[in-house]
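K.L.:
Take this structure first; my questions come after.
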Amino acid sequence: MPRSRFSGSLSTPKVEVMIDTGNPFLNLTVDGFLKIGTVAAARAVAEDAYDVLRKGNISRHKFEHSLKKMCKEGAYWGTVAGVYVGLEYGSERIRGTRDWKNAMIGGAMTGALVSAASNNNRDKIVIDAITGGAVATAAEFLNYLV
């Protein structure tokens, strides 16, 4: 039975956290969930902090709303990222090669899955699959440039 480990390191300006479940697919999926979920939660906090500073007051209700929004955004975008990373890794394993096509496949499948879970419009699902594939492919190409 695989052991679960938690390890992390903190060095400026990069924070790296890795959870070892003993399975590369699960490792990448959880890592994607944690990283993007944290970014989404931080964005929600920053947006609400700006709103509080602009209006000059905060209430218990606004604070609770902000906390719920932070958790909801983090969970949603973390899940989307986890699905994408898992599908990209699965594509890599099935195809036996590591290239930009895996990002395109993973992005398209993630876009279609997220869209299908939220609506039943077939045209919207296809458009979201195309968008997901295009965004993932563009991000992969940008990684090659940097």
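K.L.:
Would you compute, from DSSP H runs of 4+ residues alone, the mean residue ellipticity of the chain at 222 nm, taking -39500 (n - 2.57) per run and dividing by the full residue count, rounded to the nearest 500?
P.N.:
Result for the chain, helices only: -27000 deg cm²/dmol.
K.L.:
Can you order the peptides 120-126, 34-40, 104-110 by their average number of other Cβ atoms within 10 Å per residue, highest first?
P.N.:
For the peptides 120-126, 34-40, 104-110, the packing ranking is 104-110, 34-40, 120-126.
K.L.:
Find the Rg to Rh ratio for region 99-146, where Rh is the Kirkwood radius over alpha-carbon pairs and Rg uses the same atoms.
P.N.:
Rg/Rh: 1.08.
K.L.:
A follow-up question, please. With the contact rule set at Cα under 8 Å and sequence spacing of 6 or more, what percent relative contact order holds for the chain?
P.N.:
Across the chain, relative contact order equals 18 percent.
K.L.:
Further, regarding this structure: Output wanted: per-residue J couplings in Hz (rounded whole) for region 126-133, from phi through Karplus 6.51 cos²θ - 1.76 cosθ + 1.60, θ = phi - 60°, x for Gly and Pro.
P.N.:
Each residue of region 126-133 in turn: 5, 4, 5, 5, 5, 4, x, x Hz.
No value in this document is a laboratory result; all are computed from the given coordinates. Keep in mind that what you see is a predicted model, and the values were worked out from it rather than measured. Cβ: placed from backbone, ideal geometry, glycine included. Neighbour counts: every protein chain shown.
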